[in-house]
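A.B. asks: Here it is: the structure, laid out below.
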Amino acid sequence: MKNGQPTSRRRLLSAFVSFVGAWCVQSHAAIPGFDPVPPEYSVVRAEVALANLPAPRDPIALGICGPAAATALIEFERCNQQKQNCTTLSDSRRPSLLDVARLAQSLPNAADQNDLDSYPRIVSEGAPGLFSLINAYFQTKEVSTEACAPIAPITTGVIPMDRGVSRAAQEKASIDLLARLRVLHRESRARFAACASARSSPDCRKDLIALASTQMNVLLGTSKSVGVPAARVGDALGAESFEEFIGRLLIDPACSESKNLLSFASQFQTLRYWPLVESDRKLEASLLKIESVLRSNHLVIVDFVCLKDGFARDKNCLSVSSTELLPAGTSLAHTTVISGVRQMCNRAGECMGAVRILNSWGQRWQDENAGGWVRASKFFAQTGYPLKNLAWIEDVDPSASPTRR
C-alpha cells in the first residue's frame, strides 16, 4: 500500500473488459442511439438530473472519447470536493484531457503505479476511458491542468469551430491536420537518421529541429513566440510512434511539477460497475440503477455505445464502407457520460425513459440536441448491455474503508 492506496487496485484495473474504439466522432447528422424524444412525449413525470456539470470536451478526430468521459467524471468530483462552480472554471483549474488520456496505460508490475512520471507521454486513439479514470483518480490521484497541457493546439487552434461550419468539415480539418503531423513526424525521423551519416554537418540535427519547429507551428497556426518550443519539438520527433510523438509534443514534462497539478481526494471512494449479472442486462434495471447513482450526486460513464446503424441487430461495430472521413473496418465505438434520467409521457399517459448525455462532441452538440436528452431504449440498444459497461465513483464509509489511514 502506498499513500493509502489498497494493493487490490491492480486487480481492479483488470476487472473489466474495455470495448472502447478509436473513432468517437459524430460527423453524420442522425447518430444511432442518440435519437431525440418524440415531441408528443412532452410531459416530464419524473426526473433526476445533476447540475454544476463541467463544460463538454471536444477532441474532434483525435479518438480519445474514453479519456474525455473519464475527465468529465474526475472534474465533476473535484468540483464537488472543492465546492467550485464547474461551469466557469478556467483552464488552470480544469484537469488536462491529454494528461488523462496519457494515463490510459497498463504499466509493468515493477513500475510505480502511483507516480505520474511512470506513465510515458503517449496519447493513443481508442484509449480506454476506464483505464484513464482508474489511473488518474485512484492511482496517481493527480493530473496536469488544462492550462499546462492544453488540447487546443490541435483542435481550436487551426480548425474552424464557429457554428457556421458543419461538423463534418470540422472533423475533416482535424483528420487532415493529424495526417500532416504524421507526415512531418515520419519525414523528420528519416532526416534524423540521415544526420547520423559521417558526411553530415555537425549542426544537421539542430538545423532539422529548427526547420521542423517552424513547420510544426505553421501547421498548428501558432507563432514561434507562443507555439511549441523547439526543444519539445526535438524531443517529440525522437518518438518512435505517432502516439508518443503527439504526447511529447503537447504534454510538457514540466506539467508533472506540483505547481501544474490538480490533486483528487479519492481515498474514501471506489469505482462501481453495472450490470454485474445476466439478469440485470435490461433497460428497466439499468435505468433504476442510474437513477440511484445520480441521486447520490455522481455521474455515470458508459464505456461502450456503438455509433453504427444496425448494431442492435448484428452486434458488429465496424464501418462497412469507406467514406471521406473514415476507411471501412473502422471501429465506431464511443464512450460517453450520463448526467440525467427522465420519464417522459404523452397526453394519453404513455411514457418512455430518457437519459441526458454529456458528450465529448462540444457544447454545440449539447445545444442542438435538447441539452443531450435522448431516448433511453434506443441508446441502450446500441450498447448491447455488456457486463460492467456502466461505471461510477461511489463514496464509502471512512470507518469501513480499506483505504483508511
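No lab work stands behind these numbers, since they all come straight from the coordinates. Everything numeric in this text was worked out from a predicted model, so none of it was measured. When we count neighbours, we look across all protein chains shown, and the Cβ atoms used for this are built from the backbone with ideal geometry, even at glycine.
A.B. asks: Of all residues in the range 96-118, how many are surrounded by fewer than 22 Cβ atoms within 10 Å (Cβ to Cβ) and under 26 Å from SER331 (Cβ atoms)?
C.D. replies: Residues meeting the conditions: 3.
A.B. asks: Out of ALA169, ALA173, which single residue is buried (at least 16 other Cβ atoms within 10 Å of the Cβ) and of a type outside the set (Val, Ile, Thr)?
C.D. replies: ALA173
A.B. asks: Still on this structure, please answer the following. Any chance you could count how many residues in the range 93-125 are over 20 Å from LYS259 (Cα atoms) and among the polar types (S, T, N, Q)?
C.D. replies: 5
A.B. asks: Right, here's the next one. If you go through the range 327-365, how many residues are outside any strand (DSSP E or B) and under 16 Å from GLY33 (Cβ atoms)?
C.D. replies: Matching residues across the range 327-365 total 5.
A.B. asks: How about the range 51-62: which of its residues are over 13 Å from ASN359 (Cα atoms) and within 20 Å of the chain's Cα centre (by Cα)?
C.D. replies: Of everything in the range 51-62, those that are over 13 Å from ASN359 (Cα atoms) and within 20 Å of the chain's Cα centre (by Cα) turn out to be ASN52, ALA61, LEU62.
A.B. asks: Could I ask something else about it? Please go through the range 257-308 and give me each residue that is under 19 Å from ARG78 (Cβ atoms), out of contact with any strand residue (DSSP E or B) (no Cβ under 7 Å at 6 or more places or on another chain) and part of a helix (DSSP H, G or I), ordered by number.
C.D. replies: Result: SER258, LYS259.
A.B. asks: May I pose another question? Look at the range 131-160 and say how many of its residues are part of a helix (DSSP H, G or I) and in contact with a strand residue (DSSP E or B) (Cβ under 6 Å, 6 or more places away or on another chain).
C.D. replies: Result for the range 131-160: 1.
A.B. asks: Could you please find all residues in the range 92-131 being among the small types (Gly, Ala, Ser) and over 17 Å from PRO150 (Cβ atoms)?
C.D. replies: Correct list: ALA104, SER106, ALA110, ALA111, SER118, SER124, GLY126, ALA127, GLY129.
A.B. asks: Can you tell me which residue within the range 327-338, out of those that are buried (at least 22 other Cβ atoms within 10 Å of the Cβ) and of a type outside the set (A, V, I, L, M), is nearest to GLY66 (Cα to Cα)?
C.D. replies: Among those residues, the one meeting the criterion is THR335.
A.B. asks: For the condition surrounded by fewer than 16 Cβ atoms within 10 Å (Cβ to Cβ) and either among the aliphatic types (A, V, I, L, M) or outside any loop (DSSP other than H, G, I, E, B) (or both), what is the one hit in ARG163, ARG186, ARG191, ARG199?
C.D. replies: ARG186 is the lone residue from the list that is surrounded by fewer than 16 Cβ atoms within 10 Å (Cβ to Cβ) and either among the aliphatic types (A, V, I, L, M) or outside any loop (DSSP other than H, G, I, E, B) (or both).
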